[in-house]
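Before any comments, here is the structure.
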Amino acid sequence: MAAIPLTVRGSERLKAELHRLKTVERPAVINAIAEARAQGDLSENAEYDAAKEKQGFIEGRIAELESKLSNAQIIDPTELDAEGRVVFGATVDLEDLESGKTVTYQVVGDTEADIRSNLISVSSPIARALIGKSVGDVAEVQAPSGLREYAILDIRYI
């Protein structure tokens, strides 16, 4: 399996979720299954079916997280020597040249991308347009609404 790029913060989030699933969620669903079994006939027991379904989801998510973490290539943005260029892990302040709005994004791996948190995937169109650029450069991004241009205002490695 190929290496999965993760920032330090993204790795910590996955580890925290894995810990919660193993120490809180898994024991809770095991107890729910035991309680449902104690009620007798399992063929028409909705609580048992729901608990087994939840157990399957939890076990699947645990396996997925363990796989991602075992194949992770953890990159610490604070230790990068990118010579002022946008690279994986960089936090970038942009200005939309058409609207004048500013936005801040951090370029992260596919696993930790979350646009609501301004974390964009390294494989997204905007990140691909930004990679390798410096402060003052203009990145052209082909968006569904057409060509968008962003001026790079600042680049940080935090």
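Where a number appears in this text, it was derived from the coordinates with a stated rule and is not lab data. Being a predicted model, the structure only gives us computed values, none of them experimental. Cβ coordinates were reconstructed from backbone atoms using ideal geometry, including for glycine residues, and neighbour counts include every protein chain displayed.
Structure summary
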| item | result |
| --- | --- |
| Three-way shape call for region 77-156 based on the alpha-carbon gyration tensor, with the a/c threshold at 1.5 | oblate |
| Region 30-117, dipole about Cα centre (Lys/Arg Cβ +1, Asp/Glu Cβ -1), debye to the nearest 20 | 180 |
| Charge sum, other residues only, whose C-beta stays under 9 Å from residue 134's C-beta, Lys/Arg counted +1 and Asp/Glu -1 | 0 |
| Neighbour-count ranking [beta-carbon atoms within 10 angstrom, fewest first] of 62, 126 | 62, 126 |
| Cβ-defined net charge surrounding residue 121, 9 Å radius [Lys, Arg +1; Asp, Glu -1] | -2 |
| Cβ-based exposure ranking for 25, 53, in which fewest neighbours within 10 Å come first | 53, 25 |
| Rounded to 10°, Cα long-axis angle of helix 26-38 versus longest principal axis of the chain | 30 |
| Within-12-Å neighbourhood charge of residue 61 [Cβ basis; K, R +1; D, E -1] | 0 |
| Counting DSSP beta bridges with both ends in the chain, the antiparallel % (nearest 5) | 75 |
| Total charge dipole magnitude, the chain, about the Cα centre, Cβ charges on Lys, Arg, Asp, Glu only, Debye to nearest 20 | 220 |
